[in-house]
Amino acid sequence: MSREQQKKLAAEKALEFVEDGTVVGVGTGSTVAYFIEALGRIKGRIEGAVSSSERSTHQLEQVGIPVFDLNAVGPLKLYVDGADECDPWNRLIKGGGGALTREKIIAQASERFVCIIDEAKQVEVLGEFPLPIEVIPMARSLVARTIADLGGQPIWREGLVTDNGNWILDVHGWRIADPVALESRLNQIPGVVTVGLFAARPADEVIIGDTLRPIRRA
Ligand code: 5RP
C-alpha cells in the first residue's frame, strides 16, 4: 500500500474516536488534510474544531466546519494530528510543517491525542528526522550555539516564518535516546518557544494505515 493510501486510511479510522457534539482538536499536515476531508463528511455531528495552523483553519472553513479559539472552548476530548517520527512509546518528533507550537498547546489541552501516520514514520529511536525547534528571531544564534554545545547540528529553516511570527531551527545529527530529558533540557534555553519533541505528553493512540498500534510498555 502506498504512503498516501496509508495516510488516508489512518485519517478515516481516526473518525472512530470523534464523539458527537464535541469540538475536535485538529493538527496540520498532509495526513491531517485527509482527516479534515473525512471530518467534513460528518460535520453535522460535531460542534466544530480548534485548529493548529492557518493552513488547517483554511481547509476546515472550506469544508464548512466552524473553527473556535481554544480559550473559548476549554479542554478538548480529542486531538488528531500526524507526526514526522514515532517511537514504540508513542513519543514523537513533530514540526516538519512548522506548526509545532499550536500543535503542542492543543495536544496538552486534550484528553486524548490520536496520532495518524504511515508506517515509514515508525522508528526505534527518534532523531533521524531533523528536530524542529521554534525560536524567537533575536535568539536564533544563541539557541543555535547552545544546541551545538549539546552535540546537535542546527540549520535555520530560512524563509519560513511561523504562524506566531517566529523562526525554526532544524537540528540534525541527534540520536535521541531519552526524549523526555532532551525536551526538558531544550525547554530551558532562553528564546526557545517550542521543541518539536512530544515526549512529556506523547500520543495516546497511534494509527498506522487502518491499524491501531499497541504501545510498548517496557
Ligand atoms: C506539522 C507536523 C505534521 O504533523 C508532520 O510534519 C507530519 O506531516 P505529514 O502528515 O504531512 O507527513 O508536525 O507541524
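Cross-link partners among aspartates and glutamates for K7, C-alpha distance below 19 Å, same-chain residues fewer than 8 apart left out?
Counting by Cα, and skipping residues close in sequence, K7 has these aspartates and glutamates nearby: E16, E37, D81, D84, E85, D87, E103, D118, E119, D204, E205, D210.
Pull up all non-local amide H partners of W156: gap of 5 or more, or a different chain, and H-to-H distance under 5 Å with H placed in the peptide plane.
D170
List the residues whose amide H sits under 5 Å from the amide H of S110, counting only those 5 or more places along or on another chain, with H placed 1.01 Å from N in the peptide plane.
L76
Which value in Å is the Kirkwood Rh of the stretch 131-197 over different Cα pairs?
One over the average 1/r among Cα pairs gives 11.7 Å for the stretch 131-197.
Regarding the stretch 1-104, what are the three Cα extents along the principal axes, ordered largest first, in Å?
32, 28, 24
Using 21 Å as the Cα-Cα cut-off, could you pick out the over-long pairs in K13/K121; K8/K104; K43/K94; K43/K121; K43/K104?
K8/K104; K43/K94; K43/K121; K43/K104
Distance from the Cα centre of the stretch 85-122 to that of the stretch 1-31, in angstrom?
Measuring centre to centre over Cα atoms gives 13 Å.
Of S56, S30, S51, how do they rank once you tally other Cβ atoms within 10 Å and put the fewest first?
Final ranking by Cβ density, sparse to dense: S30, S56, S51.
Placing unit charges on C-beta atoms (Lys and Arg positive, Asp and Glu negative, everything else neutral), compute the dipole magnitude of the chain about its Cα centre in debye, rounded to 20.
Values: 24 positive and 30 negative charges, 44 e Å.
Charge dipole of the chain: 220 debye, to the nearest 20.
Tell me, what HN-Hα J-couplings in whole Hz come from the Karplus equation 6.51 cos²θ - 1.76 cosθ + 1.60 at θ = phi - 60° for each residue of the stretch 194-203, using x for Gly and Pro?
8, 9, x, 8, 10, 10, 4, 10, x, 6
If you take the alpha carbon radius of gyration of the chain and divide it by 2.2 N^0.38 Å, what ratio comes out, to two decimals?
Cα-based Rg divided by the globular estimate yields 0.98.
In a GNM of the chain with a 10 Å cut-off on Cα contacts, which of L197, L70, L92 has the highest mean-square fluctuation?
Maximum among the listed residues: L70.
When the helices in the chain are scored as -39500 (n - 2.57) per DSSP H run of 4 or longer and the sum is shared across all residues, what 222 nm value do you end up with, to the nearest 500 deg cm²/dmol?
When only DSSP H runs of four or more count, the value is -8500 deg cm²/dmol.
Readers should treat all values here as calculations from the given coordinates under stated rules, not as data from a laboratory. All values derive from a computational prediction rather than experimental measurement. Cβ coordinates were reconstructed from backbone atoms using ideal geometry, including for glycine residues, and neighbour counts include every protein chain displayed.
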